[in-house]
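One structure below.
The values are calculated or read from the model by the stated rules, or taken from the named source; none is laboratory data. Every value quoted in this text rests on a predicted model; they were computed, and no experiment measured them. Every residue, glycine as well, gets a Cβ built from its backbone with ideal geometry; the counts of neighbours run over all protein chains shown.
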């Protein structure tokens, strides 16, 4: 057998529960470890770096020798990056996933601490840059991903990166069953980062309304919007999303092109959009901005993570009693 994430991270199955904003939590990370996989949490799920430090301690106490990751936004929209990186470097974090920016400094600092760095990339250009900076692996974000999705399907992106790069390629997006896992691994992927099928798991602390929506809606109900963070991301096409539309205003588009004002326009959108998602994720509200990917098509109920993992690995079917 070819080496994969199980070799690098010393886990049973080559799966990462993707870092999902305001979805992935400590309980999910602990359950993932006990189920033989790993999970990563977004640093921005914590209001402050101090709360993040407390949260990671909870994770480390939750399972012996737990393997877990932290997702860092590394562009200028994240004002907490320096402190978040300090917290990561002083913790037992096994790997960092970087998103939306140049990962060079993060790679250098994490490598000094013996921590791996996996870098999100949606195309070959970004992947090559990350490899040049010293990334340990690429998270190949394809067109089936939830959140900040790419434009290239996994069937093209994974083989392309595999051929052009010398570091491992981890596929992210569009997988929700064992056939999908097998298919992507046969393309040469080193592992998979899977999110949407875990949104409605028992360990998730999101609202009942959000979980019910993930069960109720399907792949055809996912739309791309740039109104949440300024960067296109996928959400469930609820009545509220239909009402507000999915495109940014002409004013924002104009401001974003200005070198001086663009930074502040994007930061404001990121902050305000994040507040909308936070409210919808945890409370019953008509402002239902629920992030998800098309793989919610495979979700037909609310199950524990261990059962979902077994299903993904072909050990059971989610509809089995």
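Counting the residues of the stretch 29-49 that are farther than 19 Å from residue 173 by Cβ and either under 17 Å from the mean Cα position of the chain (by Cα) or touching a residue at least 24 places away in the same chain (Cβ under 8 Å) (or both) gives 13.
Out of all the residues in the stretch 210-244, which are touching a strand residue (DSSP E or B) at 6+ places or on another chain (Cβ under 8 Å), assigned to a loop (DSSP other than H, G, I, E, B) and at pLDDT below 85? Working first, answer last.
Residues of the stretch 210-244 touching a strand residue (DSSP E or B) at 6+ places or on another chain (Cβ under 8 Å): 213-214, 217, 221-226, 228, 232-237, 241.
Subsequent filtering for residues that are assigned to a loop (DSSP other than H, G, I, E, B) retains 217, 226, 228, 232, 237.
Across the stretch 210-244, the qualifying residues are 226, 228, 232.
Does the stretch 72-90 contain any residue that is over 19 Å from the mean Cα position of the chain (by Cα), crowded, with 17+ Cβ neighbours inside 10 Å and part of a helix (DSSP H, G or I)? For the stretch 72-90, residues over 19 Å from the mean Cα position of the chain (by Cα), crowded, with 17+ Cβ neighbours inside 10 Å and part of a helix (DSSP H, G or I): present. Taking the criterion of being under 24 Å from residue 131 (Cα atoms), part of a helix (DSSP H, G or I) and modelled with pLDDT of 95 or more, would at least one residue in the stretch 186-205 satisfy it? The answer is yes; a qualifying residue exists. One residue alone among 82, 65 is more than 27 Å from residue 189 (Cα to Cα) and without any contact (Cβ under 8 Å) to a residue 12 or more places away in the chain, and that residue is 82. Exactly one residue out of 180, 176 is within 19 Å of residue 300 (Cα to Cα), over 14 Å from the mean Cα position of the chain (by Cα), assigned by TED's automatic domain parsing to the domain that holds residue 72 and part of a helix (DSSP H, G or I), and it is 180. Restricting attention to the stretch 1-16 and to residues that are modelled with pLDDT under 95 and farther than 18 Å from residue 140 by Cα, the residue that is surrounded by the fewest Cβ atoms within 10 Å (Cβ to Cβ) turns out to be 1. For first residues located in the stretch 147-165 and assigned by TED's automatic domain parsing to the domain that holds residue 129, partners that are assigned to a helix (DSSP H, G or I) and crowded, with 21+ Cβ neighbours inside 10 Å and lie 6+ apart or on another chain with Cβ distances below 7 Å form the pairs 150/157; 154/184; 158/184; 161/127; 165/127. Please determine whether any residue of the stretch 68-75 is over 11 Å from residue 115 (Cβ atoms), in the same structural domain as residue 38 (by TED's automatic domain parsing) and out of contact with any helix residue (DSSP H, G or I) (no Cβ under 9 Å at 6 or more places or on another chain). The answer is no, given that none of the residues of the stretch 68-75 is over 11 Å from residue 115 (Cβ atoms), in the same structural domain as residue 38 (by TED's automatic domain parsing) and out of contact with any helix residue (DSSP H, G or I) (no Cβ under 9 Å at 6 or more places or on another chain).
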